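Student: Here it is, the structure, as structure tokens.
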Amino acid sequence: MGDVLRQPVVFDERVGIIWWRIGSNYDCPALVTEYGASIKMKGYWFGQFIYDHNAEEALSEVAESLGQNVSGKGWVRISDDQWSTKFTTRSSLAVPNMENGLHTSVDLSQSPDEGVETHFEGALAAMKQVYEATDPLYGYGIRHTRLNVPNAINSPTTREAIADNQIVAPTWLMLFTPEMVEEYGRDWLLDLPADRFEDLSDGGLMIICTEHIASTSGEGKQFLDDMAEIDRVFGLDPVETFNKPPRK
């Protein structure tokens, strides 16, 4: 939380979400658990891939690319001597009605300050490696697994949208397939106010909208500001994606 006192404010119309207030400004949102506790979302994120084929098959493809055996484990670990990221199959995804997916969770807050950037870059490399080893419909990085909140955009895409090679809402990390790149236009995507772009070997594109996911203290607001700018380019109201606080 740092040295600045943050006052939590719950908005009734956004049940389950807390916006932390610093003076008159709003900072990073938090989830409220079923027990009433709040979980700040700085430095913690989830990576997911969705498929039109079996997730176990996708996990085996990742294992084969690494020279590992996934039999009996149900997970694959991608690592080097400085970082480690584990991918598992998952039936409950941020995209509704999609039951074939791979999932990883990354907790950068557990890394020493000097190791956060290394862990962050390693996790990005792992996401890229999983994409290259499998044939996903879409890959993304998010700060929550799913929001079930009325009148809000609760998922990055849907089965119907992805069938048209589209997303519903941008997230801070997006791995677009070649078909999605063609749908949106490479030049249009590269013109997004994102921090980084990386080409994928099949013609897809990895977009890191903001690198402030790994931040602490005041940079939580920068994450939200960055994502609000991306939202607007996609024609979305940042309030609906929780990248701006609810209007009074």
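Student: Among residues belonging to region 101-115 that are more than 17 Å from the chain's Cα centre (by Cα) and not acidic (D, E), point out the one that is modelled with the highest pLDDT.
Tutor: Only one residue fits best here, namely G115.
Student: In addition: Can you name the number of the only condition in (1) touching a Cys at 6+ places or on another chain (Cβ under 9 Å); (2) at pLDDT 95 or above; (3) of a type in the set (F, W, Y) that F223 fails?
Tutor: It is condition (2) that F223 fails.
Student: I'd like the full set of residues that are at pLDDT 85 or above, among the charged types (D, E, K, R) and either in contact with a strand residue (DSSP E or B) (Cβ under 8 Å, 6 or more places away or on another chain) or on the phi > 0 side of the Ramachandran plot (or both), limited to region 116-157.
Tutor: K128
Student: Considering region 56-77 alone, what residues qualify as being under 17 Å from G101 (Cα atoms) and not in a helix (DSSP H, G or I)?
Tutor: V70, K73, G74, W75, V76, R77
Student: Right, another one. Within region 158-196, count every residue that is buried (at least 21 other Cβ atoms within 10 Å of the Cβ), out of contact with any Pro (no Cβ under 7 Å at 6 or more places or on another chain) and modelled with pLDDT under 95.
Tutor: Of the residues in region 158-196, 1 are buried (at least 21 other Cβ atoms within 10 Å of the Cβ), out of contact with any Pro (no Cβ under 7 Å at 6 or more places or on another chain) and modelled with pLDDT under 95.
Student: What about S65, is it farther than 25 Å from T157 by Cα and of a type in the set (S, T, Y)?
Tutor: Considered against the rule, which asks whether it is farther than 25 Å from T157 by Cα and of a type in the set (S, T, Y), S65 comes out as yes.
The values are calculated or read from the model by the stated rules, or taken from the named source; none is laboratory data. Model, not experiment: these values are computed from the prediction. We place every Cβ from the backbone using ideal geometry, glycine too, and count neighbours over all the protein chains shown.
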